[in-house]
Amino acid sequence: MKVVIIGCGKIGRTVLARFVEEGHDVTVVDCNDRVLDEATNVYDAMSVCGNGSDCNVLKEANVQDAELFISVTDSDELNMLCCYLAKKMGAGHTIARIRRPEYNLNSLSFLKQQLDISMVINPELLAAREIYNILKLPSAVKIETFSTGNFEIIELVLKGNSALTGMRLMDIRNKYKAKFLVCVVMRDRQVYIPSGDFVLREGDKIGLTAAPSEIIKLMRQLGLETKKAGNVMILGGSRTAYYLASLLGRDGHRVKLIEKNAETCMELSETLPKAVIINGDGAQREVLLEEGLDTTDAFVSLTGMDEQNILVSIFASTHKVPTIISKVNRSELTEMAGNLGLDCLITPRKIVSNVLVQYARALENSMGSNVETLYELMEGRAEVLEFKVGADFRQANVPIRELRFKENILIAGILRDRTPIIPSGDDVIRPNDKVIVVAANRRMNDLSDIFR
Amino acid sequence: MNRRMVLYRVAQMLFLEAAMLVLPLGVAFLYGEMKQALAFGITIVVSLVAGLPAMTVLKPTSKLIFAKDGFALVTLAWLVMSAFGAAPFVISGEIPNVVDAFFETVSGFTTTGSTILTDVTAMSHSMLFWRSFTHWIGGMGVLVLVMALVPPESGRSIHILRAEMAGPVVGKLVPKIKDTAKILYIIYFVITITEVGFLIAGGMPVFDAFIHSLGTAGTGGFGIKGDSLSSYSPYCQWVIIAFMFIFSINFNLFYLMILRRFKPVLKNLELWVFVGIVFVAAGIISVNIYPLYGDAGEAIRHAFFQTVSICSTTGYSSADFNLWPSMAKSVIFVLLFLGGCAGSTAGGLKISRVILLFKLVRRDIRKMSHPRSVATVKLDGKTVEPAVVSGVSTYFAVYMIVIAITFLLISFEPFGFESNLTAAITCCNNVGPGFGEVGPMNGFAAYSYFSKIVLTFAMLLGRLEFYPVLLAFNPRMWLKK
């Protein structure tokens, strides 16, 4: 597919990398020559230097032939203008990054309609949603929901005292009687699709699928926290923090937000009347302790600096805060932070590229079985996809045990008329089902890709 | 330095060369040349065996390629390719001496067209075909062809493209490197076949038509007659002139024309400067040599043929310009340096560099009179990056130094100043003929082995635009760090 990306900043580059990896023909436009040089040295893409709102530049980037046009520059207005121009020149689908709350709250649908933008992405809002999901179930390090919200996949880290360590997967299922499936395990940075006799160990990160109610049931049985985090302390008054605080406030969480800049604090106090806004330097331990780090249920570090987020989070973990979430944008730091014991990391640009890749894959096969949802699991080493089964699905009504799957692939769930089914060998896939598939170390575009 | 990946790529290239050798093998069978067929067969088998370990046992663990790996890879690939390419000549005994055979093959792959043969007509058909086919392979670059056929393992393959393709800036036509390489080779192939058609239509024998088309396409210049193209009809000579010109135009322009985007083509400064140089030079030479031929049509034809041949760095000739008056010879001497457009198969300094050098001179002279002036160098309406601009002047310095050193190294040869100097220049620019002893009707046979080796390296340096070879011969490159 021909893709044009405007803006080669942090987000643009991540998106570029993902799309090149997916095998698309990518052209990237930026006004900084050096950034483009660096990017095209590493990724197999073409670059055009210039302003994305300049028609000649767009023409040079062959926008008229592009099936997907993504504008992710720093400026919302520029993104909107680029998308508008690209659409007028004949681009297929346009996606704009629009971040300012003003646009997102009130005028978004009007803007989308008037400018003919296919999708709006707001990295900060997406990140805030992801954090919000985790705070609803603080024992998990990641929660993703599938369409209609009747199915969830969560990531858990097995701590030393967990009841699951040392158990075989088939025994777990018999013992707890809950309808769930451990579908992927990460151990020592290796990802496994486990079979029934796989034995769990301390430190494993496991992904399990189940209906939301079953997850709560299972957590209770395991003695894990199932209540949502009541008190949340947020460090840094970024846009993500704003979105997160307003999401949490609407849901009755008590939010405390610490921000260094007095002016930002003023603005936040205007827009977030429910939250407690503290003007102070979150890097100072006195400030954190005074504001009750010891008693808070969750600590979310959202400053602009990855290093500070990591360090303050480590400090919070020494004070036994039950849930700690830190925003880390640079991938090399993600790994380091993981080694330092921080399980729950949020990478906004990865979330964005996931959303975009999902959109592109759905575009690619607009016929037959469709990718409805796509998430990355286990730090990007595995993917979980939701497919809609077409009417012409060839393997329909064949028991799963008789299907021949490719390696490292697992059917993690079936949704039939909104009823979640944890598949066993006897279950079948029927047309109009939604199938959730976990794949480690490989990518899929179509449901037929999973069979040999 | 990712040595395994470099070896892997070189092995891939060797496999491809083995596949290429099947063509002359076919020609050998066609003309019943069994001894030559055996030589090609042996070479094919040996290159497959030699490439096998790197493709299997030593498979690279990491596929990352950085800029310096690209340089090292290209140099190594060209050396290996030339060594294996020379083997059939040695095995068949047609060029028994190893140094001679290596010189001839490098001259072929680098599209120079300088020869050590004293009697070309004594060669067998299949060897002549292979000799000219090396021009075609080397013209666009063999690693580019590898990339067109094999999916690149990492996006960083752009470094290979950059190291092998000539010109100050190497860009892609389409986002994917594989598709870019494919498009370039398709354009290359189609134009070559078109030329074959035109030549056959003009009554040239089929074999000759193929040989000369391959030679023109790579802007190489190996012929099959002692007097190059003098004995062919004026029509054939005009066809060759036209195609030598076409192959020295930037291939990106052809792609733009296919896309029906004519405006950037018409506004391409390099193209028009090139056209201007050709017409002015040919005009001066025509007037200068008119008394020699006494016929305007013939004088113009010879003038254009020699001008385009030298400018495109092909090196075919329709007349012996050694016998021309000194004015015409001087013009040709200057043309030896210039070369064709960037992004074509032509060698030399490249017109775009010449343009940039002139713009640079103008800017710096202005700066002397207005010390505070700020000026950017522009080409085709776009600002040329400062790094590229300074790169061009450095390139020019390296280019001159290499020519000077080559000239000094071969200066002990007893052929006089003119011959030695033009031999050095013609090899560094991949043109082919020079003046005097190395004129269009003679060759490098009389030079000593030492000089032949020096000139062989000069050709390689010139084709790969100096830096890759210079860097690859820096031992520090190959150390682990």
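Observations, loosely collected:
- Qualifying residue in region B:130-145 (condition: surrounded by fewer than 18 Cβ atoms within 10 Å (Cβ to Cβ), more than 30 Å from B:Asn442 (Cβ to Cβ) and either within 14 Å of chain A (Cβ to nearest Cβ) or without any contact (Cβ under 8 Å) to a residue 60 or more places away in the chain (or both)): no
- The listed residue being assigned by TED's automatic domain parsing to the domain that holds A:Ser238, over 19 Å from A:Val15 (Cα atoms) and assigned to a strand (DSSP E or B), out of A:Phe299, A:Phe315: A:Phe299
- B:Lys182 surrounded by fewer than 24 Cβ atoms within 10 Å (Cβ to Cβ), modelled with pLDDT of 80 or more, within 14 Å of another protein chain (Cβ to nearest Cβ) and farther than 17 Å from B:Thr345 by Cα: no
- Scanning region A:399-414 for residues that are touching a Phe, Trp or Tyr at 6+ places or on another chain (Cβ under 7 Å) and surrounded by 15 or more Cβ atoms within 10 Å (Cβ to Cβ) yields a count of 3.
- From the list A:Val357, A:Val328, the lone residue that is surrounded by 18 or more Cβ atoms within 10 Å (Cβ to Cβ) and either in contact (Cβ under 8 Å) with a residue 40 or more places away in the chain or farther than 24 Å from A:Asp188 by Cα (or both) is A:Val357.
- Residue check, A:Gly341 closer than 22 Å to A:Val191 by Cα and either part of a loop (DSSP other than H, G, I, E, B) or modelled with pLDDT of 85 or more (or both): yes
- Test result for A:Val72, within 14 Å of another protein chain (Cβ to nearest Cβ) and β-branched (Val, Ile, Thr): no
- Residues (of a type in the set (D, E, K, R), touching a residue at least 60 places away in the same chain (Cβ under 8 Å) and under 15 Å from B:Val384 (Cα atoms)) located in region B:317-365: B:Arg353
- Of the residues examined, B:Ser124 is not one that is over 19 Å from the mean Cα position of the chain (by Cα), among the small types (Gly, Ala, Ser) and within 14 Å of chain A (Cβ to nearest Cβ).
- Test: residue in region A:97-107 that is β-branched (Val, Ile, Thr) and closer than 18 Å to A:Glu60 by Cα: no
- Meets criteria (within 23 Å of A:Lys350 (Cα to Cα) and outside the structural domain of A:Ser301 (by TED's automatic domain parsing)) for A:Leu156: yes
- If you go through region A:133-174 and pick out every residue that is touching a helix residue (DSSP H, G or I) at 6+ places or on another chain (Cβ under 9 Å) and not aliphatic (A, V, I, L, M), you end up with 10.
- With a requirement of 2 or more residues that are within 22 Å of the chain's Cα centre (by Cα), the helices (runs of 4 or more DSSP H) lying completely within region A:168-272 that satisfy it span A:212-222, A:239-250.
- The listed residue being touching a residue at least 12 places away in the same chain (Cβ under 8 Å), more than 24 Å from B:Ile300 (Cβ to Cβ) and surrounded by fewer than 21 Cβ atoms within 10 Å (Cβ to Cβ), out of B:Ile284, B:Ile277, B:Ile224, B:Ile211: B:Ile224
- Any hit, region A:36-50, residues being within 14 Å of chain B (Cβ to nearest Cβ), in a helix (DSSP H, G or I), free of Cβ contacts under 8 Å to residues at least 24 places away in the same chain and buried (at least 21 other Cβ atoms within 10 Å of the Cβ): yes
- Filtering B:Gly113, B:Gly85 for residues that are in contact with a Gly (Cβ under 9 Å, 6 or more places away or on another chain), in a helix (DSSP H, G or I) and of a type outside the set (Val, Ile, Thr) leaves a single hit, B:Gly85.
- Taken as a whole, the condition of being within 23 Å of B:Val331 (Cα to Cα), hydrophobic (A, V, I, L, M, F, W, C) and in contact with a helix residue (DSSP H, G or I) (Cβ under 6 Å, 6 or more places away or on another chain) does not apply to B:Val392.
- Counting only residues that are surrounded by 19 or more Cβ atoms within 10 Å (Cβ to Cβ) and within 11 Å of another protein chain (Cβ to nearest Cβ), region A:18-35 holds 7 of them.
- Region A:1-17, subset crowded, with 24+ Cβ neighbours inside 10 Å and assigned to a loop (DSSP other than H, G, I, E, B), residue farthest from the other protein chains (Cβ to nearest Cβ): A:Gly7
- Qualifying helices (runs of 4 or more DSSP H) (wholly inside region B:381-477; at least 3 residues being within 27 Å of B:Ser248 (Cβ to Cβ) and modelled with pLDDT under 90): B:386-409, B:467-472
- Residue match in region B:394-407 (condition: surrounded by fewer than 18 Cβ atoms within 10 Å (Cβ to Cβ), of a type outside the set (Val, Ile, Thr) and in contact with a Pro (Cβ under 8 Å, 6 or more places away or on another chain)): no
- Taken together, the criteria exclude B:Gly171 from residues that are small (Gly, Ala, Ser), touching a His at 6+ places or on another chain (Cβ under 7 Å) and closer than 28 Å to B:Tyr467 by Cα.
- Residue that is farthest from the chain's Cα centre (by Cα), among those in region A:51-62 that are within 13 Å of chain B (Cβ to nearest Cβ) and of a type outside the set (Gly, Ala, Ser): A:Asn56
- Region A:228-239 residues that are closer than 7 Å to A:Leu257 by Cα, paired with ones that are assigned to a loop (DSSP other than H, G, I, E, B) and of a type in the set (Gly, Ala, Ser) (beta carbon under 6 Å, 6 or more apart): A:Leu235/A:Gly282
- Looking only at residues in region B:317-360 that are within 17 Å of the chain's Cα centre (by Cα) and part of a helix (DSSP H, G or I), the one that is surrounded by the most Cβ atoms within 10 Å (Cβ to Cβ) is B:Ile351.
- Test: residue in region A:75-91 that is within 14 Å of chain B (Cβ to nearest Cβ), free of Cβ contacts under 8 Å to residues at least 60 places away in the same chain and not small (Gly, Ala, Ser): no
The values are calculated or read from the model by the stated rules, or taken from the named source; none is laboratory data. None of the values given here were measured: they were computed from a predicted structure. Positions of Cβ are backbone-derived with ideal geometry, glycine not excepted, and every protein chain shown enters the neighbour counts.
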